[in-house]
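Here's the structure we're looking at; comments come further down.
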Amino acid sequence: MQVIRLLKYWLPVALLTGCIEPFNPDIEESKELLVISGKITNLEGYHYLEISWSTSYDNPVIVREKNCSVSVYDDKGNVFQYQEYLPGFYRCWFAQEYLSVGNRFRVEVVTKEGKTYASGFDEMKPCPGIENITYEAKTIESDDPFMNCVNGIQLYIYTEASEDDVTNLKWEIDETWEYHASYLISDYFDGTINFMEGMMSDSLFVCFKNGRVKDMMTMSTRNYASNKINKGPLTFVADNKEKLQIKYSALVRQFSLSDSAFEFWNKMQQNLQDAGGLYDAQPIRIIGNIRCVSDPEERVLGYFWATEIKEKRFFFRNTGEIPFDFYKCQPYDYTPEQLEEHLRTFTEDEYPIYLINESGLAEGPWDLTDQECFDCTKGGGTLERPEFWQ
Amino acid sequence: MNKIILFLTALFLYLSVSANDTIIYFNGNYRDVSFEDFAFGLEQHGNVKFWFKPLWVEGIRVTAVGEKISLNDLLEQVLAGTGLYFYIDENNNVFITKGIQLSATLPEYIDHTAGKDDPNNGSQEGLTNAELNYKEGRRNGTSETITIGIPGAHTSGRTAVVNGKVTDKETGEALIGATIYIEELEKGYATDLNGHFIMSLSPGTYNAVINCMGMEELHYKLDVNAAGSFEVEMGRKLIAINEVTIKANKFDNVRGLQMGYDRLSFKTIKEIPAVMGERDLLKVAQMLPGVQNVGEGSSGFNIRGSAADQNMFFINKVPVYNTSHLFGFFSAFNSEIVNDFSLYKCNIPAKYGGRLASFFDITSRQGNMKRYTARGGLSPITGHLAAEGPIVKDKSSFIISARTTYSDWILSKLHDADLRKSNASFYDIAGNISIELDSRNFIRIFGYYSDDDFNLAGTNRYGYFNTGASVDWNHQFSSKLSANTTAIVARYGFSNTDTTIARSGLSHNYQIDHYELKSDYTWVPMEKHLFNFGANIIRYGLDRGSVIPAGSESERTPEALGAEKGVESALYFSDEYQLSNRFTIYLGLRYSMYGYLGAADVYDYNPGSPKTENYVTGTKSFSDNQLVKFYSGPEFRLAANYRTGNNSSVKLSYNRTRQYLFMLSNTIALSPTDQWKLCDYHMEPPLADQVSLGYYKDMPKSGMNFSSEIYYKKTLNLVEYKDGADFLSADKIESLALQGEQSAYGLELMLRKNSGKLTGWLSYCYSRSEILVNSPYFWGRINDGLKYPSNYDKPHAVNGVMNLRLNRQLSLAANIVYNTGRPATFPISIYNIEGIEYMHYSARNEYRIPDYFRADLSINIEGNLKAKKFAHSYWMLNFYNITGRKNAYSVYFVSENGRINGYKMSIFGTPIVTLSWNIKLGNYASD
C-alpha cells in the first residue's frame, strides 16, 4: 500500500481531500466450503483439528461440522484416531515418542455424509530457538490511511540459526497486560453516600487481561543472507486505552513450517494485509493441502501441518520514556444536584457506586466518574495475578 | 515597402492597356548561382530591373548559359513549383510575386447575366489564362490562383504530382494535418508532420479548399499544368482558437481511411477542465471512446480492452516507456511543448509496429521561425515555462520548455516530521530545433528528459526517468518521392529503495535502452496510388538490475536479475489505392523480425512440468550477442472505405500486430517499479488480430459528425502472472508468468460538434475484455482455466466534453465522465481458523468496484484583447468533481483484530477548486 502512503503525504500539498469509508460489497453468491485445519506439534499432549464451514461475507457465523471421523497417519505407519470433544473440534493425545522432528503426518476426515477428505504429508521441520525479542517505540499510520497516527511498540524477533538452509516460520502471540484503575476506592453510594474517613483500598486497582494477537505473522530466510532472522518484525502493539499503561507481556510461540505450508500461510498473510489496492497484487484464492477424495474439483479450505514449537516470553514495562496518550479518567464535575440526580438512576444491583471525594471531608463535595475508573474489573480484566508475572 | 511597391505596380499594371507581356532575351553564363546573384548580374549587363523580396528566392539556383536566352522561359522554369510568379512590364521591370500572379490584362468583361445572347457563353477559350484567372478571382471565396508547372511540360496521359507545404503565416511553423480538399474530385489530402503534402492530379483547373484547425480557411484556384509545387501560408482564425476540434481534417471522418483514429491538438483542449489545473493532453485522450484506464490518477492506458503495455507512445518518434509523472496523476509530457497527438486504435498504418493495441504519435511544437517569444504558467502543483524563437529567421528555430513541481518546497514548510522527511518532486525539460536547409530538406532535432523522485518518510524511495533524443531528416527526392529518416535513442530507468522493514531493506535499479534507426518513404507515382514503404531496426538493451540490500540492518541476499539484449526490425510496404471516387482501399504488409541475443543461460524444463527450478533438466549457454531465439512474422494491415453518400461512408479494416517486449506487472495499475522485459527463449511474442467495421456521417449544416465503430480483437500469447508472483525474487520470468489469450470486442459511438459557440463531443462505448489462461495441467491455469475479465474491463463508458464560448474573453467548459466500475476480486465467504477470520475470494475479477461518475467545470478568462501589448495572460478556474461524488479509487479488505473489514478509498472525494494562471508574450492571438 505504498502508494496510498504517498497519497497521504502528497495530497495535502495538492490541496486534496481523500476519504475512506467502510465498504460492503454486494455479494450474491455464498458458497459454503468445508474448512479443515489442524496441526501436529512436537509437544506431548492433545493435538487438535477443527472442521467448520465457510459462511457468507455479509453474515459471518461459524458453522461447525460435527460427527466426523478424523484419523491422522504418520509416515511410520501409525494411525491416530481423533475424538470430537466439542462440536466441530477434534483432538487426540500424542505421546512424545511419535512427535520427532522429521516425522511426516497427514490427515483423513470422513464426514457424516461419508465424504472423504485427505491431506498430503507435511513434514515436521526443526524450529530454531528464539534468541531475543526486542521492541522499539514507534508511531505508525493506522490501517485507515487518512486517520491519525498511532503510538505503540513494534516487537522484533531474533532467532537462533537454524539447522536447515532455509527456515520458514510462523508465530502466534498470547499477550497479557497489567493495568490500573485511576482512583483507589473509598467513599461509595449504596442508596446513601458512605463516607470512609479517608480510608483508601487498592483491592480493585490492579487488573490483568490477556488475549491473542490476531495478526498473521510468517517469515522465511529464503532470499536472505543467513538462516537466522535478525530483527524480524512481529506485531505492532498499539497504545490503546490500557495495554501499555503499566506492563505488557507477550508469549511468542514460534512454529517451523515446511515450504508448502509456508507458501500457504504466507499467501494467507498477504491476502489479509495489502490486497485489492491499485498498486497491490490481486487478492488470490488460496487452496490448502486438503482435497476431497471422491470429488477432486471440490474446494476445501484450511491446512493440515506439522511443526516444532519454540517459545519465549517478552516483557515491556512502561517507565514513562515513551509518551503514550492514555485514556484518562475525568471527573464529571457535577454540582450536588446533578450528582444526586445521576445517583438516582443506578439500580440496586449496580451498587456500590464509587465516588470521588477530593476534599476528604465527611460533607464532601463528592463527584462521579466512570465506574471503570475505580474498579478495574469493570474494564474486563481479572484481579488474579498470572504466575509468570514478575 | 515591398508591399506598397507591389500594390502600386499592380494597380498601375491593371490600368495599363498593354495586352502582351514583354519578352526579354539576354546572353549569359550563369552556372548554379543564386537567384539574387543572377538578378544582380542581369541588372548590371542587361537593361532590366528586378523587384523581389530576397527571402522568397532563397534556395533558388539559376543556370543559364548561352545566347539569346529568353528570360521569360528561364523564369518560368526556375520559379516553377516555388509559388513565385513573375511579370515583366514594358519598361523591362521584372516583378517577382509570391502567391499572386499579376495580370496586366484587363479582360474583356462579359456580362454573363446576358446568358444565351453571349456568343462566348459556355466557352471561355477565347480568354487568356490571365483573363480567366482574373475573372475567376472575383468569384466569391476563390481568392487566388496558383499555377503549377509549365504549360506544355506535361507528358500527356499521366497525372501530375503536385507537392507543397502549408505553413503558419505568423510563426512560419509547418502546419500538420492541414487539409487540401479538391472540390472537383471530392478528394482530400492532408499534410504530414513537416507540413508537406502530395497530390496527384490530372492537368486542369481545380478549386482547392485549404483547412487547418484554428486557421482561416483558404480558397485557391489550382491551375495544374504539370508537376510542380507550391507553398501556402495560413493565417490564424481568432475566433477558432478555443474550438474543441479533435480532428484536424474535417474530411477525415467520412472520406479518410482512418478508423479508430483520433487526433487531439493542444490548442483545442486548452479550456477543458483539468485535475489540479494541470492541462494534460493524455488525460483528455481518456475522454475518447475506447480509451480507458484502471483508475483515476493511475498511469497507463487501456485501448480497446488491451493491457497498458500494448501501447506505444512516441514523442517526435522517441519512445517513452513510462508516460506518467507522480504515479500517473500527470502525464510526462509538458503541455507547453506538445503540439498534438494522433492515436491509432485500429487500422494501424503499416509504418507503425512493435505494439499490439495502439500508437500515440505525439508531435512537439516547432519554435517560432519569425520572432522570439516565451510563455509560462502557474498551477497549484507546478510551474512551467517555454521559450522559442528563430535561430536564423525563417530558416531555423528552437523551442525549449521546462516544468517542475514545487510541492517539495511546501513539504519542507510543514511541521510534521514525517512529512518533512518526505518529498515528491518531478520535472521535465524538452527542446526542439527545426532547420529548413532548403525546400527539399528539413531537419528536426529533439531532446527530452523527465524525472520523478519520491521519498516517503525516509523509508521508501521511488525514482524514475525517461530520456531520449531524435534527429529527424525529411528529404524530398522529387515531387513524387519523399523520405523521412530518423535516428532515435531512448532510455528509461527506475530505482526503488524500500527500508520499511529494516531486515528486508532492498534497493533495485532498472534500465532499458532503445536505439533505433528508421526510414519511411512516401511515393506517389501516379494518381490514385499512394505508396508508403520503409524499414526500421531497434536494438534493445535491458539491465534488469540487481536487488541489493539497503540499510545497515538489511539481510536480503543480493539477486542479479540479469541483462538482456534484443534486436527488432521490420520492413513494410503499403498502397492506398483509390479504386473509384467512392471506393478506396489500403493494402499494407509489415514483416517484423526479432532476435533475442546472448549472453544468456537458458533452462530446459521437463515437459509437462511447471517451468520452475525444481524441473530444470538442463542449461544452454549462449555467448555475448549470440542468437538465442528468433521470431518473425507478417503483419497484414488492410482497410477499405466505401462512400455511401456525399457525407457518409462505411469502413472496414483488419490488422495484425506483434510485440516483442512486455511489462512485468502484478499490480492492478502500472507502478513505477514495473519492469519491461524482452521476449525470450520461453516467453513468446504476443500477437493480436483486430477487425473493425464503422459507419461515419457528416452533418455539414449543423457542423456535427457522427462515427460508430465495432471491433473484435483477439490476442495470443498474452503474458499473465501467476498468483503472488514476485519479480524481484527470481530472474527466470517463465517461472512466474503464463501465456494465455485475450478477446476484446466493443462498440464505440461518437457525436461531435466542431464549430459554433458550443463545441465538444459525446461518446458512448460498450467494450469487453476477457482473458483465458488454460492448460491441460493445473499449474498452467489461472482462475482454474476459466475466462475472467481483465482489470480494465469496463463495459459501459460515457464521456462528454463541452466548450461554450460566451465571447472572446470568457468561455465555459465541462466534462462528464461515467463508466462501469473496474473488475475486482472480492471475498465471497469468511471462515475461521483458531479464532482468526480469513477470506475466501471470488474467481478473479468476478465483482466490480462501484461505478464511476464525475462532472467538471472550468471557467476561462482571457486578458484584454488589445492587439499591441507586451504580454497576454489568462486565468483558468477549475472545478474538478463538482458533485463531490466519492468515487472508489480502490476497494480493499483487511483483517483488523481478527475481523474482516472492507473499505472504499476515494482520493478526490470533494470538489476540487484550482486556479491557474498562464502568460505568454504577445497578444491574445499570439502563438
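The values are calculated or read from the model by the stated rules, or taken from the named source; none is laboratory data. Small disclaimer: the values here were computed from a predicted structure and weren't measured. All Cβ positions, even for glycine, are placed from backbone atoms using ideal geometry, and neighbour counts span all protein chains on display. In case anyone asks, the SASA skips ligands and DNA or RNA and just uses the protein heavy atoms, side chains included. Shrake-Rupley method; radii C 1.70, N 1.55, O 1.52, S 1.80 Å.
Annotations
- From phi via Karplus (6.51, -1.76, 1.60), per-residue ³J(HN,Hα) for segment B:819-831 in Hz, x at Gly/Pro: 8, 5, x, 6, x, 8, 9, 10, x, 9, 8, 10, 9
- Of the residues B:K528, B:K732, the one with the largest accessible area comes first in the ranking B:K528, B:K732, computed with a 1.4 Å probe on protein heavy atoms.
- Alpha carbon centroid spacing (whole Å) that separates segment B:700-735 from segment B:285-326: 11 Å
- The heavy atoms of B:L437 offer some 100 square angstrom of accessible surface to a 1.4 angstrom probe.
- Given in Å, the Rg to one decimal and the Dmax to the nearest whole number for the Cα atoms of chain A are 26.3, 80.
- Overall, the protein assembly as shown carries a charge dipole of about 4760 debye about its Cα centre when +1 sits on the Cβ of Lys and Arg and -1 on the Cβ of Asp and Glu, all other atoms neutral.
- Using heavy atoms of the protein chains and a probe of 1.4 Å, the accessible area assigned to B:W473 is about 100 Å².
- Residue-averaged beta-carbon neighbours from other chains (10 angstrom radius) around A:223-229: 4
- Computed over chain A: relative contact order in percent, which uses C-alpha pairs under 8 Å that are six or more apart: 19 percent
- As a rough guide to protection, the peptides A:298-306, A:381-389 ranked by mean Cβ packing within 10 Å, highest first, stand as A:298-306, A:381-389.
- Using the Cβ-Cβ distance between A:E298 and A:V61 with R0 = 22 Å, the FRET efficiency computed as 1/(1 + (r/R0)^6) comes to roughly 0.50.
- Amide H partners (placed H, <5 Å) of B:Y85, local residues excluded: B:T97, B:K98, B:G99
- Cross-link partners of B:K317 among lysines, defined as those whose alpha carbon lies under 16 angstrom from its own and excluding same-chain residues fewer than eight positions apart: B:K351, B:K518.
- A straight Cα-to-Cα reach below 19 Å connects B:K757 with the lysines B:K237, B:K247, B:K250, B:K267, B:K270, B:K701, residues fewer than 8 places away in its own chain not being considered.
- Distances between placed amide hydrogens fall under 5 Å for B:I146 paired with B:K221, B:L222, B:D223, all partners being 5 or more residues away or on another chain.
- On Cα atoms only, tilt of A:259-272 relative to the major axis of chain A in degrees: 40 degrees
- Estimated translational diffusion coefficient (Stokes-Einstein, Kirkwood radius over Cα pairs, 25 °C, 0.890 mPa s) of chain B: 80 µm² per second.
- Mean silhouette area of segment B:158-236, derived from the convex hull of its C-alpha atoms and averaged over all directions, reads 4.6 nm².
- Entries of B:K393/B:K753; B:K651/B:K753; B:K677/B:K714; B:K165/B:K651; B:K187/B:K713; A:K214/A:K267 with Cα pairs more than 27 Å apart: B:K393/B:K753; B:K165/B:K651; B:K187/B:K713
- Selection among B:N441, B:G551, B:L517 by position relative to the dipole of chain B gives B:G551 as farthest towards the positive end (Cβ unit charges, Cα centre).
- Surface accessible to a 1.4 Å probe, B:Y745 within the full protein complex, Å²: 80 Å²
- Each Lys and Arg Cβ is given +1 and each Asp and Glu Cβ -1; about its Cα centre, chain B then shows a dipole of about 1580 debye.
- Per-pair calculated FRET efficiency, R0 = 35 Å: B:L716 and B:V650 via Cβ, rounded to 0.05: 0.75
- Straight-line reach from B:K68: taking Cα to Cα under 17 Å and skipping same-chain neighbours fewer than 8 places apart, the aspartates and glutamates in range are B:E43, B:E76.
- Peptide B:721-732 - average C-beta neighbours from other chains (10 Å radius): 2
- Other protein chain C-beta atoms within 10 Å of residue C-beta, averaged over A:62-71: 1.
- Cα centroids of segment B:52-82 and segment B:433-448: 26 Å apart.
- Euclidean distance between Cα centres, segment B:370-411 to segment B:486-554, Å: 27 Å
- Computed lengthening from B:D32 to B:E217, 0.36 nm per intervening residue step minus Cα-Cα distance: 62.8 nm
- In this structure the amide hydrogen of A:K247, modeled in the peptide plane, comes within under 5 Å of the amide hydrogens of A:E178, A:N318, none closer than 5 places in sequence on its chain.
- Normalised by the number of residues in chain B, the average gap of Cα pairs under 8 Å and 6 or more apart makes the relative contact order 8 percent.
- Residue of A:T192, A:T218, A:T176 that the Gaussian network model of chain A assigns the largest fluctuation, springs spanning Cα pairs under 10 Å: A:T192
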